[in-house]
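To start, the structure under review is shown below, and the notes come after it.
None of the figures in this text is laboratory data; all of them are computed from the coordinates on show. This one's a predicted model, so the numbers in the text were calculated from it and none came from an experiment. Counting neighbours? That spans all protein chains shown, and the Cβs are built from the backbone with ideal geometry, glycine included.
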Amino acid sequence: MTAKKGPVTPTMETTKLYYKDSHQDSCHATVMSCEWNEKKNCYEVILDQTVFFPEGGGQYADTGILGNAKVLDVQEKNEQIIHYTDKPLEPETEVDGHINYPERFSKMQQHTGEHIVSGIVHRTFGYDNVGSISDRN
């Protein structure tokens, strides 16, 4: 299978299932596009919907599996969720995706804990949180 070449179409918006249920650990989706990214040395896969949370807001991206491909990173650009994978996926086919849920749950707990600590620091000392990032482990 050869990945489709060309730029990502900006009109394909990905449905973000993780906003509906942050504990959902899998989904069934349609592959909208798959392109080789020479710079990152992996494939960029866009699905019609996803449970994979992208990097942002101080949290690292989810990892997991899409079909037979490992999801190495996830980013958001122009309302699209881009899954960076080690193998290509055929456009217009259906695929099952599974996140590494223990890792997701740990990140959720770390993120919540950071908000609690920031709130205490603000209330006690008056300092505002201007950003943080949780460790990958």
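If you work out volume of the Cα convex hull per residue in Å³ from the coordinates, which of [x] 196; [y] 120; [z] 206 do you get? Only one listed value fits the structure, namely [y]. In this structure, the pairs whose alpha-carbon distance is over 21 Å, taken from 20/40; 39/77; 40/87; 16/39; 20/87, are 20/40; 16/39; 20/87. The residues neighbouring residue 30, those whose beta-carbon lies less than 10 Å from its own, together hold a net charge of -3 under the Lys/Arg +1, Asp/Glu -1 convention. Among 120, 99, 15, whose Cα sits farthest toward the positive end of the charge dipole of region 15-125 (+1 at Cβ of Lys/Arg, -1 at Cβ of Asp/Glu, about the Cα centre)? Among 120, 99, 15, the one farthest towards the positive end of the dipole of region 15-125 is 120. Taking every C-alpha pair closer than 8 Å and separated by at least 6 residues, the mean separation divided by the residue count of region 15-125 gives a relative contact order of 29 percent.
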